[in-house]
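The structure under discussion appears below in the form of structure tokens.
Where a number appears in this text, it was derived from the coordinates with a stated rule and is not lab data. Bear in mind the structure is a predicted one, so any value in this text is a computation, not a measurement. Positions of Cβ are backbone-derived with ideal geometry, glycine not excepted, and every protein chain shown enters the neighbour counts.
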Amino acid sequence: MVSKVKWTDIKTNLGFKRLFWRIFVAFWVASLAVMAATGYVLVNEYTASSYNKRFLDDATNQAERIVWRYEHEAFTNGRARSEIKEWVKRRNGRENQLIPMLISTPDNEVVYHYRLNKVPEEHRITREIYGPSNNRYVAQFRQPQTPRIYKQVLSRFQSIQFVFIFLASALVSALLSWSIVKPIKYLGAFSRKYANDQTATPVPSQLLTRGDELSDLAADINFMVSKTADAIGAQQRLLHDVSHELRAPLARLQASAAIIEQHQPKNKHVLQIHNDCQRMDQLIQQILNFSTLEQTPQKAEPCDIIALCNRVLDDMAVNYPGIPTTLTFNQSREEDAIINGFPEALHQALDNIVGNACKYSNKGQPVAIDVAFSTNSVVIVVKDNGIGVDDAEIEKLMQPFYRAGNQMHTEGFGLGLTIALKAVEKHAGTLVMQSPAEGGLRVKITLPKNAPTHL
Amino acid sequence: MKNEKINVLLVDDDKDLCALLQEFLEGDGFSVDAIHSGDEAIKTLLNTEKYDTVVLDIMMPGISGLDVLKSVRAEKQTPILMLTGRGDDIDRIVGLELGADDYLPKPCNPRELGARIRAIIRRTQYLKATPSASLSELHGIYLDLGARQATVNGKSLALTGAEFNALSYLMERVGQTISKQEMTQEVLKRPLEAYDRAMDVHVSRIRQKLAAAGVKNVIKSVRGVGYQMLTAPQQSE
């Protein structure tokens, strides 16, 4: 289970959809492309010019030698070309080093011709050559063709320097990418932490002094944090004040009713007032519990589930003396009953659920709590044999102030299960309700051994 | 006793409520005075022995009920009943730890308040009537029931009234498991209620104080039932 979670974690972090990788790859590819292009242009310019120069030098050189030989040996027209070809071949050793050219005298008499007839006029270069007797000749060559440039660039790519450049650009891209992503990640983590613990300190100043858009974002988040803190503070104060202010007149109302009762002991209206006062007081208490659960940041502490269940059953024994209750669990694993959580919230949850079970049971119908332990969680099942709930209504039971259709007239406000669910969710646990065919209601609470501190 | 009315001091900042409670309690046979601020309450309580019991509201502006409790307990053992906000478990426990004799959630039915005051008075009077020569001894703990003095191995042990009663009740019934209902009824002189932690707090305070004095693991909690004073200290694991 644990390794699985870690693996998905790693997968999401390595995912190429992550901003880090996107920025990294974009910068890296861009920097490599820029370097390759620069390299290409530089190599191209350099090799092209030097190659051209060398080619022209070679060609002129060859032409001069041919002319020199032509003048000295005074070949006949027919022999000249083949003789010179032979001679050049001998000197150069290989035929493909013979440069295609056409040499002619100024009055268009061909002195030498080698494979230039295939080359179109516009690709030819014309040079003037002077023989040893200072006679003028015209030599035509093919325009120099620079060798395929990418081959040269590629040959440089394989060099150590290039590997170094490659790594350096990767490093720089990674650093750049990290410098953008890190504050974003930090702000994300901060928001998550803040959502659960409003006492968290504001965003640290080194993020605010960056001077870029991210520090603007950090400043905005700080602003939001202060606004939220104000709002939460105001809401908590309001709830606290309202509950206190509501309770003061309630206490006076009860006292007045009690005084009337002293004078008219059998007055049924006074009894009604007392009951309603009690009801209002309970409602105020439940609303307070509900809002406290939602807002108060708390630190998880050890809670003994068995002790909590016993505490709840003790209270039930006083409140519902006619309902027999049982608590079963594996005695040999009792030490597993201690989980890290929020005891008050859990007590409220269990109290509401077991209280419901007792409330909706008739005298003599048993209510059973069964606690099972596993390595990572504790499962509490509360089962009663009471009137149960329609399947269609089970989902709605968790909504605040919702009351099942068959229960509109029983005492209560419809907040109990909402509070229980909130408390269980605070532990990152689950609450499932079922109405089994044989009747009653079965509530199953699964609590992880460690309540998430960030939730 | 019959002709003498029980003197109650009400301390609450809500003047209207005080007036109503005063009227009710007087109709119920008590003699009631009311004070509306913490510092006034401290002054009055430290200067007079007139009151048999004090009903003290925790939530008061300025000097709170807990502050009053602390200052009064430092010098006097006048029985004090705290009025706490319902659900403020912390306030209740702190109140009991600071030596309050009992608590009642507010708002409450004044009839219940009257019953609680009577329970506290019954308890103190029952204690006064106990023969003075009686002495109880166990595990090195000596209780002088007459002088209401507790000593552990010669050193005196500071217990509040309710703690002293609970300890002596358990010591007199060593080896028996006493239910929370019975303890509450016999020690606090009132029935156990749902969500009633008074007895648990008293017993846990006794345990802490005994442990600090060197006597450990003599009171056992019997889950779902109550408490038991062991005949021999339980070996800690």
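Data overview
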item	result
Sites A:A219 and A:E45 - FRET efficiency at Förster radius 51 Å, r taken between beta-carbons, to 0.05	0.55
Radius, Kirkwood style, for region A:301-448 when every pair of distinct Cα atoms is counted (Å)	15.4
Magnitude of the charge dipole, region B:1-79, Cβ model with Lys/Arg +1 and Asp/Glu -1, debye to 20	340
Extreme residue, positive dipole direction of region A:301-448, given options A:A357, A:A337, A:I387 (C-beta unit charges)	A:I387
Sorted by Cβ neighbour density within 10 Å, fewest at the top, the residues B:M199, A:M398, A:M224	A:M224, A:M398, B:M199
Ellipticity estimate at 222 nm from DSSP helix runs (n ≥ 4, -39,500 (n - 2.57)) divided over chain B, nearest 500	-12500 deg cm²/dmol
Computed lengthening from A:Q262 to A:V242, 0.36 nm per intervening residue step minus Cα-Cα distance	4.2 nm
Residues A:K118, B:K5, sorted so that the one with the fewest Cβ neighbours within 10 Å comes first	A:K118, B:K5
Size of electric dipole in chain B: Cβ of Lys, Arg +1 and of Asp, Glu -1, about Cα centre, debye, nearest 20	900
Computed FRET value (nearest 0.05) for B:E75 with A:K193, which takes r as the C-beta separation and R₀ as 51 Å	0.60
Crossing angle, helix B:15-27 versus chain B [Cα axis fit, 0-90 degrees, rounded to tens]	70
About the Cα centre, charge dipole magnitude for region B:130-229 (Lys/Arg +1, Asp/Glu -1 at Cβ), debye	300
Label-point separation, A:D391 to A:V432 (7 Å along Cα→Cβ), nm	1.5
Percent of Cα-Cα distances greater than 17 Å, calculated over region A:229-294	50
log₁₀ of I(q)/I(0) at q = 0.15 Å⁻¹ - region A:169-283, Debye sum with one point per alpha carbon	-0.78
Most positive-pole-ward Cα, B:Y169, B:G140, B:A211, against dipole of region B:130-229 from beta carbon charges	B:A211
Rounded tilt (10° steps) of B:110-129 against the dominant C-alpha axis of chain B	50
Neighbour-count ranking [beta-carbon atoms within 10 angstrom, fewest first] of A:S133, A:S243	A:S133, A:S243
For region B:130-229, convex hull of alpha carbons as volume per residue, Å³	90
Virtual spin-label span in nm between B:K5 and A:L208, 7 Å along Cα→Cβ	6.4
Computed lengthening from A:S104 to A:D370, 0.36 nm per intervening residue step minus Cα-Cα distance	84.4 nm
Chain B - Rg and Dmax from Cα coordinates, angstrom	18.0, 57
Length added when fully stretched, A:T228-A:S159, from 0.36 nm per residue minus Cα-Cα	19.0 nm
Peptides A:350-361, A:54-65 ordered by average Cβ neighbours within 10 Å, highest first	A:350-361, A:54-65
Per-pair calculated FRET efficiency, R0 = 60 Å: A:H72 and A:A36 via Cβ, rounded to 0.05	0.70
